[in-house]
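Have a look at the structure below before the remarks.
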Amino acid sequence: MTNEHNAAPGSAGARQRIEQRFDLVWNPVSIGEVSLILPEHRDPLAYINQRLAAGGDEIDTLPFWTTLWPAAMVLASMVAKAPPTDDGPILELGAGLGLPGLVAAALGRQALITDLEPDALEFAQAAVEANGLEGRARVMALDWAAPPADLGRFRTIYGAEIVYQPKIYPILVDFLASVTAPDGVIFLGHEARPFVPAFFNLAKERFRIKGTRRLINGEAGPVEVILYALKPLDAAGKV
(Lines give C-alpha, C1' and ligand atoms only; values in the text may rest on other atoms or scores of the structure.)
Protein backbone atom coordinates (compact mmCIF):
# COMPACT_ATOMS: atom_id res chain seq x y z
CA MET A 1 0.00 0.00 0.00
CA THR A 2 1.34 3.45 -0.95
CA ASN A 3 1.87 5.84 1.93
CA GLU A 4 2.62 9.56 2.00
CA HIS A 5 6.37 8.93 1.93
CA ASN A 6 6.38 7.04 -1.37
CA ALA A 7 3.19 8.35 -2.98
CA ALA A 8 3.45 9.04 -6.69
CA PRO A 9 3.81 12.76 -7.48
CA GLY A 10 0.41 14.21 -8.23
CA SER A 11 -1.52 11.46 -6.46
CA ALA A 12 -4.22 12.01 -3.86
CA GLY A 13 -3.07 13.59 -0.62
CA ALA A 14 -0.73 16.08 -2.29
CA ARG A 15 -2.10 19.03 -0.33
CA GLN A 16 -1.03 17.52 2.97
CA ARG A 17 2.33 16.48 1.57
CA ILE A 18 3.32 19.89 0.22
CA GLU A 19 2.13 21.65 3.38
CA GLN A 20 4.51 19.44 5.33
CA ARG A 21 7.43 19.95 2.96
CA PHE A 22 7.30 23.64 2.05
CA ASP A 23 6.66 27.09 3.45
CA LEU A 24 3.55 28.00 1.44
CA VAL A 25 1.09 30.76 0.85
CA TRP A 26 -2.37 30.03 -0.53
CA ASN A 27 -3.11 32.83 -2.97
CA PRO A 28 -6.63 33.66 -4.15
CA VAL A 29 -7.00 33.97 -7.91
CA SER A 30 -10.15 35.19 -9.65
CA ILE A 31 -10.68 34.54 -13.36
CA GLY A 32 -14.04 35.79 -14.56
CA GLU A 33 -16.62 34.21 -12.29
CA VAL A 34 -14.21 31.53 -11.07
CA SER A 35 -12.47 31.97 -7.71
CA LEU A 36 -9.66 29.60 -6.79
CA ILE A 37 -6.83 29.32 -4.32
CA LEU A 38 -3.38 28.25 -5.48
CA PRO A 39 -0.45 27.00 -3.42
CA GLU A 40 2.76 28.90 -4.02
CA HIS A 41 6.15 28.99 -2.38
CA ARG A 42 6.40 31.89 0.02
CA ASP A 43 9.85 32.53 -1.48
CA PRO A 44 9.94 30.92 -4.96
CA LEU A 45 13.40 32.32 -5.74
CA ALA A 46 14.82 30.59 -2.66
CA TYR A 47 13.34 27.30 -3.88
CA ILE A 48 14.88 27.76 -7.32
CA ASN A 49 18.25 28.65 -5.80
CA GLN A 50 18.05 25.61 -3.55
CA ARG A 51 17.48 23.36 -6.55
CA LEU A 52 20.35 24.98 -8.41
CA ALA A 53 22.70 24.65 -5.44
CA ALA A 54 21.83 20.96 -5.15
CA GLY A 55 23.27 20.46 -8.62
CA GLY A 56 20.29 18.51 -9.90
CA ASP A 57 19.10 21.00 -12.50
CA GLU A 58 20.38 22.78 -15.56
CA ILE A 59 19.37 26.41 -16.03
CA ASP A 60 16.79 25.56 -18.69
CA THR A 61 15.12 22.91 -16.52
CA LEU A 62 14.86 24.86 -13.29
CA PRO A 63 11.42 25.00 -11.66
CA PHE A 64 10.21 28.31 -12.99
CA TRP A 65 6.69 26.87 -12.75
CA THR A 66 6.66 28.16 -9.15
CA THR A 67 5.52 31.53 -10.55
CA LEU A 68 2.06 32.16 -11.95
CA TRP A 69 3.10 33.51 -15.34
CA PRO A 70 1.07 36.13 -17.23
CA ALA A 71 0.62 33.67 -20.11
CA ALA A 72 -1.22 31.29 -17.76
CA MET A 73 -3.51 34.13 -16.71
CA VAL A 74 -4.27 34.96 -20.35
CA LEU A 75 -5.04 31.35 -21.20
CA ALA A 76 -7.18 30.95 -18.08
CA SER A 77 -9.13 34.09 -19.00
CA MET A 78 -9.76 32.63 -22.44
CA VAL A 79 -11.00 29.40 -20.86
CA ALA A 80 -13.37 31.36 -18.64
CA LYS A 81 -14.86 33.20 -21.62
CA ALA A 82 -15.29 30.10 -23.79
CA PRO A 83 -18.92 29.02 -24.32
CA PRO A 84 -20.03 25.67 -22.84
CA THR A 85 -19.06 22.79 -25.08
CA ASP A 86 -19.22 19.02 -25.40
CA ASP A 87 -15.76 18.81 -26.96
CA GLY A 88 -14.55 16.32 -24.36
CA PRO A 89 -11.72 16.79 -21.87
CA ILE A 90 -9.13 19.50 -22.21
CA LEU A 91 -5.42 18.75 -21.97
CA GLU A 92 -3.06 21.16 -20.25
CA LEU A 93 0.65 20.73 -20.98
CA GLY A 94 3.57 21.81 -18.82
CA ALA A 95 0.92 22.92 -16.39
CA GLY A 96 2.99 24.06 -13.43
CA LEU A 97 0.37 25.44 -11.06
CA GLY A 98 -2.32 24.35 -13.53
CA LEU A 99 -4.48 27.47 -13.65
CA PRO A 100 -6.09 27.04 -17.12
CA GLY A 101 -6.98 23.42 -16.36
CA LEU A 102 -8.34 24.33 -12.94
CA VAL A 103 -10.54 27.04 -14.43
CA ALA A 104 -11.84 24.61 -17.05
CA ALA A 105 -12.67 22.08 -14.32
CA ALA A 106 -14.35 24.73 -12.17
CA LEU A 107 -16.58 25.53 -15.14
CA GLY A 108 -17.60 21.90 -15.55
CA ARG A 109 -15.12 20.57 -18.11
CA GLN A 110 -13.09 17.44 -17.58
CA ALA A 111 -9.43 18.47 -17.42
CA LEU A 112 -6.25 16.46 -17.67
CA ILE A 113 -3.51 18.57 -16.07
CA THR A 114 -0.02 17.34 -16.95
CA ASP A 115 3.61 18.09 -16.24
CA LEU A 116 6.82 16.10 -15.88
CA GLU A 117 8.31 17.89 -12.87
CA PRO A 118 7.35 15.93 -9.70
CA ASP A 119 6.88 18.98 -7.47
CA ALA A 120 4.76 20.71 -10.11
CA LEU A 121 2.49 17.66 -10.15
CA GLU A 122 2.23 17.84 -6.37
CA PHE A 123 1.30 21.53 -6.44
CA ALA A 124 -1.26 21.04 -9.20
CA GLN A 125 -2.89 18.13 -7.37
CA ALA A 126 -2.88 20.11 -4.12
CA ALA A 127 -4.75 22.88 -5.94
CA VAL A 128 -7.25 20.35 -7.28
CA GLU A 129 -7.90 19.16 -3.73
CA ALA A 130 -8.02 22.62 -2.17
CA ASN A 131 -10.64 23.73 -4.68
CA GLY A 132 -12.77 20.59 -4.52
CA LEU A 133 -12.20 19.66 -8.16
CA GLU A 134 -11.28 16.00 -7.76
CA GLY A 135 -14.30 14.90 -9.78
CA ARG A 136 -13.37 16.89 -12.87
CA ALA A 137 -9.60 17.46 -12.84
CA ARG A 138 -6.97 14.74 -13.02
CA VAL A 139 -3.23 15.33 -12.63
CA MET A 140 -0.81 13.08 -14.53
CA ALA A 141 2.89 12.92 -15.30
CA LEU A 142 3.44 13.24 -19.05
CA ASP A 143 6.66 12.88 -21.02
CA TRP A 144 6.21 14.36 -24.50
CA ALA A 145 8.95 12.08 -25.81
CA ALA A 146 7.23 8.94 -24.52
CA PRO A 147 3.49 9.52 -24.03
CA PRO A 148 1.30 6.57 -23.00
CA ALA A 149 -0.20 4.69 -25.92
CA ASP A 150 -3.72 5.22 -24.60
CA LEU A 151 -3.48 8.97 -24.10
CA GLY A 152 -5.85 9.60 -26.99
CA ARG A 153 -6.53 12.78 -28.93
CA PHE A 154 -7.94 16.04 -27.65
CA ARG A 155 -9.98 18.78 -29.27
CA THR A 156 -8.72 21.44 -26.87
CA ILE A 157 -5.12 21.72 -25.62
CA TYR A 158 -3.54 24.50 -23.57
CA GLY A 159 0.08 25.34 -22.84
CA ALA A 160 1.47 28.41 -21.09
CA GLU A 161 5.21 29.09 -21.43
CA ILE A 162 6.04 25.63 -22.73
CA VAL A 163 8.27 26.66 -25.67
CA TYR A 164 11.27 27.89 -23.72
CA GLN A 165 13.62 24.96 -24.50
CA PRO A 166 14.60 25.01 -28.19
CA LYS A 167 16.21 21.59 -28.00
CA ILE A 168 12.82 19.92 -27.46
CA TYR A 169 10.96 21.72 -30.28
CA PRO A 170 10.96 18.72 -32.68
CA ILE A 171 9.73 16.44 -29.88
CA LEU A 172 6.98 18.87 -28.93
CA VAL A 173 5.77 19.33 -32.51
CA ASP A 174 5.60 15.56 -33.04
CA PHE A 175 3.80 15.11 -29.74
CA LEU A 176 1.23 17.81 -30.49
CA ALA A 177 0.54 16.29 -33.90
CA SER A 178 -0.06 12.90 -32.25
CA VAL A 179 -2.52 14.07 -29.57
CA THR A 180 -4.54 16.76 -31.36
CA ALA A 181 -7.86 15.69 -32.86
CA PRO A 182 -8.25 16.47 -36.58
CA ASP A 183 -10.73 19.23 -35.67
CA GLY A 184 -8.88 20.23 -32.52
CA VAL A 185 -7.07 23.41 -31.57
CA ILE A 186 -3.98 24.07 -29.46
CA PHE A 187 -3.68 27.34 -27.57
CA LEU A 188 -0.15 28.35 -26.62
CA GLY A 189 0.73 31.52 -24.74
CA HIS A 190 4.12 33.06 -23.98
CA GLU A 191 5.86 36.35 -23.45
CA ALA A 192 8.04 37.60 -26.31
CA ARG A 193 11.41 35.83 -26.43
CA PRO A 194 13.92 35.82 -29.30
CA PHE A 195 14.13 32.05 -29.72
CA VAL A 196 10.40 31.23 -29.70
CA PRO A 197 9.71 31.95 -33.42
CA ALA A 198 11.88 28.92 -34.25
CA PHE A 199 9.24 26.68 -32.68
CA PHE A 200 6.45 28.10 -34.80
CA ASN A 201 8.58 27.94 -37.95
CA LEU A 202 8.86 24.20 -37.30
CA ALA A 203 5.22 23.78 -36.26
CA LYS A 204 3.84 25.43 -39.41
CA GLU A 205 4.73 22.28 -41.34
CA ARG A 206 2.03 20.46 -39.34
CA PHE A 207 -0.36 23.20 -38.24
CA ARG A 208 -2.07 26.34 -39.41
CA ILE A 209 -1.07 29.04 -36.93
CA LYS A 210 -2.67 32.32 -35.97
CA GLY A 211 -1.29 34.68 -33.34
CA THR A 212 -2.68 37.58 -31.36
CA ARG A 213 -1.21 39.84 -28.70
CA ARG A 214 -2.75 40.52 -25.32
CA LEU A 215 -1.79 42.96 -22.59
CA ILE A 216 -2.07 41.92 -18.96
CA ASN A 217 -1.13 43.81 -15.84
CA GLY A 218 2.00 42.39 -14.23
CA GLU A 219 3.76 43.26 -11.00
CA ALA A 220 6.01 45.76 -12.81
CA GLY A 221 3.39 47.09 -15.23
CA PRO A 222 1.70 45.88 -18.43
CA VAL A 223 3.03 42.63 -19.92
CA GLU A 224 2.49 41.60 -23.54
CA VAL A 225 1.55 37.96 -24.03
CA ILE A 226 1.47 36.38 -27.48
CA LEU A 227 -1.35 33.88 -27.84
CA TYR A 228 -1.27 31.33 -30.67
CA ALA A 229 -3.95 29.01 -31.98
CA LEU A 230 -2.70 25.96 -33.88
CA LYS A 231 -4.98 23.78 -36.00
CA PRO A 232 -3.81 20.57 -37.69
CA LEU A 233 -3.20 20.45 -41.40
CA ASP A 234 -4.35 17.41 -43.33
CA ALA A 235 -2.05 15.41 -45.59
CA ALA A 236 -2.67 17.90 -48.40
CA GLY A 237 -1.61 20.81 -46.24
CA LYS A 238 -5.16 22.04 -45.63
CA VAL A 239 -6.97 22.67 -42.33
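The values are calculated or read from the model by the stated rules, or taken from the named source; none is laboratory data. The model shown is predicted, which means the values in this text are computed figures rather than measured ones. Positions of Cβ are generated from backbone atoms using ideal geometry, with glycine treated the same way; all protein chains shown enter the neighbour counts. Ligands, DNA and RNA are excluded from the accessible area calculation, which covers all protein heavy atoms including side chains. Shrake-Rupley method; radii C 1.70, N 1.55, O 1.52, S 1.80 Å.
Observations
- From phi via Karplus (6.51, -1.76, 1.60), per-residue ³J(HN,Hα) for region 145-150 in Hz, x at Gly/Pro: 7, 8, x, x, 5, 9
- Among the trypsin sites (Lys or Arg not before Pro) in region 161-239, those located in a DSSP loop and surrounded by at most 10 other Cβ atoms within 10 Å of their own Cβ are K238.
- Charge tally in the Cβ shell below 15 Å around L112, where Lys, Arg are +1 and Asp, Glu are -1, L112 excluded: -1
- Only protein atoms count toward the accessible area here, which uses a 1.4 Å probe; on the chain, the carbon and sulfur part of that area reaches 53 percent.
- Considering only region 14-232, percent of DSSP beta bridges that pair antiparallel, nearest 5: 60
- Exposed GluC sites (Glu not before Pro) absent - longest run of the chain, DSSP non-H/G/I/E/B, at most 10 other C-beta within 10 Å: 59-204
- For K167, the aspartates and glutamates whose Cα comes closer than 18 Å to its Cα, not counting residues fewer than 8 places off in the same chain, are D57, E58, D60, D115, E117, D143, E205.
- Tensor-based shape of region 109-239 (alpha-carbon gyration tensor, a/c under 1.5 rounded, otherwise prolate or oblate): oblate
- The overall shape of the chain is rounded: from the C-alpha gyration tensor, with semi-axes ordered a ≥ b ≥ c, the ratio a/c is less than 1.5.
- Average accessible surface for region 14-232: 47 Å² per residue, computed with a 1.4 Å probe over protein heavy atoms with every protein chain in place.
- Additional length obtainable on full extension of the chain from L116 to L52, 0.36 nm per residue less Cα span: 21.3 nm
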